[in-house]
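Student: I'd like to ask you about the structure that follows.
Values in this text are rule-based calculations from the coordinates and carry no lab data. Everything numeric in this text was worked out from a predicted model, so none of it was measured. Cβ: placed from backbone, ideal geometry, glycine included. Neighbour counts: every protein chain shown.
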Amino acid sequence: MSEASRIDLPKTGASHLQVDLSGESGPADRVHLLSLREIHAVNAAIAAGRPLLVRGEPGTGKSQLARAVAKILNRVFISQVIDSRTESRDLLWNFDAVMRLANAQLAGALHQDSQQARQELAVENYLHPGPLWWAFDWADAERQAKRVQQEPPPQPDGGVAQNGSVLLLDEIDKAESETPNGLLEALGARQFTPLGRSKPVCVQGILPLLVITTNEERALPDAFLRRCLVLCLNLPSDEQELIALLMQRGKAHFPTATEELLRKAAEMLFRDRHAALEAQVTPRPGQAEYLDLLRAVLTLERTKAKQLAMLEVVAPYTLRKHVEP
């Protein structure tokens, strides 16, 4: 593997790599700690040329992992949130049939020259690159995007297309099983042919890294799972391990927070999380809620004593999101 296609392990004795993301994102997205497990999983997926499926409950940093990898490898980052209406073709390209029909009706009303109308109504004039198109061949997608006046995916972290791409398909479990199954051919052949084009879109240069997340709301097809490497991100069940992990993440996001504040907030989260587990209710508070709690307290109060007192005030609104049985 070339250096551009691998994440170097942290220095001996370090448990993670800290990746600082652009401030243009939300406050919770400015730092990601890449653990050794995450680094090994990413490197394995790149080496195998397979998608990396990241499993786990919400709020464990699954989505942010992909952007952190793009930043550390200096790759372009493309992101697509999946919902119940997403079809596999939407991830390849989108054909604006409505705009084409409107233009055809306008051409007819204006009695436009037939040859000129055919040129203007060519399918490629209404073909928008989808996220896999950008990931496979950024330059070709950029040319097509200019043709239809579409903006390329923003790059707040300054990714360079020549270094490859990282594509995040977020929450694929929201879609019907046809969606992941419909990607198998494109991912296996590493090419697909958009509507109206004679030549396929093929992977150019460095093979893209596809990171797919699931919150386990719906089972994924076996055929799809077999073509992925899988990383499970779960919070520790042991109290001290969880507290240590949360404090580590909290310190990275909020360097000015005191150890006492970080620990007390983590202990409060563990109690509420344990209670939710015992009662078998969801959602359970996790890392995202811990960071929200710290952010709220640090924003509302400036002194140590007041911050500790504010934890008790804010905690019910940040940690207890389930309905009491």
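Student: Tell me, 190, 85 in order of fewest to most beta-carbon neighbours within 10 Å?
Tutor: Listing 190, 85 from fewest to most nearby Cβ atoms yields 85, 190.
Student: Looking at 252, 163, 19, which one has the Cα that reaches farthest to the positive end of the dipole of the chain (charges on Cβ: Lys, Arg +1; Asp, Glu -1)?
Tutor: 163
Student: For the chain, what is the charge dipole size about the Cα centre, in debye to the nearest 20, if Lys and Arg each add +1 at the Cβ and Asp and Glu each add -1 at the Cβ?
Tutor: Working: 37 positive and 41 negative charges, 110 e Å.
Approximately 520 debye in magnitude.
Student: Could you work out how far helix 287-300 tilts from the main Cα principal axis of the chain, as a 0 to 90 degree angle to the nearest 10?
Tutor: 70
Student: If you don't mind, there's one more thing I want to ask. Just from its helices, what would the mean residue ellipticity at 222 nm be for the chain, if runs of 4 or more DSSP H residues each count -39500 (n - 2.57) and the sum is divided by every residue, rounded to the nearest 500 deg cm²/dmol?
Tutor: Helix-only estimate at 222 nm: -13000 deg cm²/dmol.
Student: Taking R0 as 22 Å, what FRET efficiency do you get between residue 74 and residue 197 from their Cβ-Cβ distance, rounded to the nearest 0.05?
Tutor: 0.15
Student: How would you rank 16, 253, going from fewest to most other Cβ atoms within 10 Å of each one's own Cβ? Display every interim value, and only then the final one.
Tutor: Working: 16 17, 253 20.
Taking fewest neighbouring Cβ atoms as first place, the list is 16, 253.
Student: Using only the alpha carbons of the chain, what is the convex hull's orientation-averaged projected area in square nanometres? Write down the numbers at each step before the final one.
Tutor: Values: hull surface 82.3 nm².
The number I arrive at for the chain is 20.6 nm².
Student: Taking the dipole about the Cα centre of region 175-325, with the C-beta of Lys and Arg at +1 and of Asp and Glu at -1, give me whichever of 268, 186, 214 is farthest to the positive side.
Tutor: Going by the charge dipole, the pick is 186.
Student: With an 8 Å Cα cut-off and a minimum separation of 6 or more residues, compute the relative contact order for region 239-319 in percent.
Tutor: This gives 30 percent for region 239-319.
Student: Relative to the longest principal Cα axis of the chain, at what angle does helix 239-253 sit, 0 to 90 degrees, rounded to 10?
Tutor: 60
Student: Same structure, new question: Any chance you could give the angle, 0 to 90 degrees and rounded to 10, that helix 62-73 forms with the longest Cα principal axis of the chain?
Tutor: So the helix axis and the longest Cα principal axis differ by about 70 degrees.
Student: Placing unit charges on C-beta atoms (Lys and Arg positive, Asp and Glu negative, everything else neutral), compute the dipole magnitude of region 239-319 about its Cα centre in debye, rounded to 20. Don't skip to the answer; put the middle values down first.
Tutor: Numbers: 11 positive and 11 negative charges, 56 e Å.
That gives region 239-319 a dipole magnitude of about 260 debye.
Student: Holding the Cα-Cα limit at 27 Å, pick out from 71/321; 11/62; 251/306; 62/146; 62/174; 62/264 the pairs that are longer than that.
Tutor: From the list (71/321; 11/62; 251/306; 62/146; 62/174; 62/264), the Cα-Cα distance tops 27 Å for 71/321; 62/146.
Student: Further question on the same structure: Can you give the local net charge around residue 203? Use residues other than it whose beta-carbon is closer than 12 angstrom to its beta-carbon, Lys and Arg +1, Asp and Glu -1. Present the calculation step by step, with values, prior to reporting the outcome.
Tutor: Numbers: positive: 190; negative: 137, 140.
Local net charge: -1.
Student: Shape of region 124-229 from its Cα gyration tensor (a ≥ b ≥ c, root eigenvalues): rounded if a/c is under 1.5, otherwise prolate when a/b > b/c, or oblate?
Tutor: Prolate, because a/c is 1.5 or more and a/b exceeds b/c.
Student: Using a Gaussian network for the chain with springs between C-alpha atoms less than 10 Å apart, which of these wobbles most: 299, 213, 12?
Tutor: 12
Student: Grab every C-alpha pair in region 239-319, bin the distances at 10 angstrom width from 0 up to the longest one, and report whole percents.
Tutor: For region 239-319, the pair-distance distribution reads 20, 56, 22, 3.
Student: What do you get for GluC sites (Glu not before Pro) in region 141-223 restricted to DSSP loop and a cutoff of at most 13 other Cβ within 10 Å of the site's Cβ?
Tutor: Listed in order of number, the matching sites are 216, 217.
Student: Once you put a point 7 Å from the Cα of residue 190 and another 7 Å from the Cα of residue 217, both along the Cβ direction, what distance in nm separates them?
Tutor: 3.3
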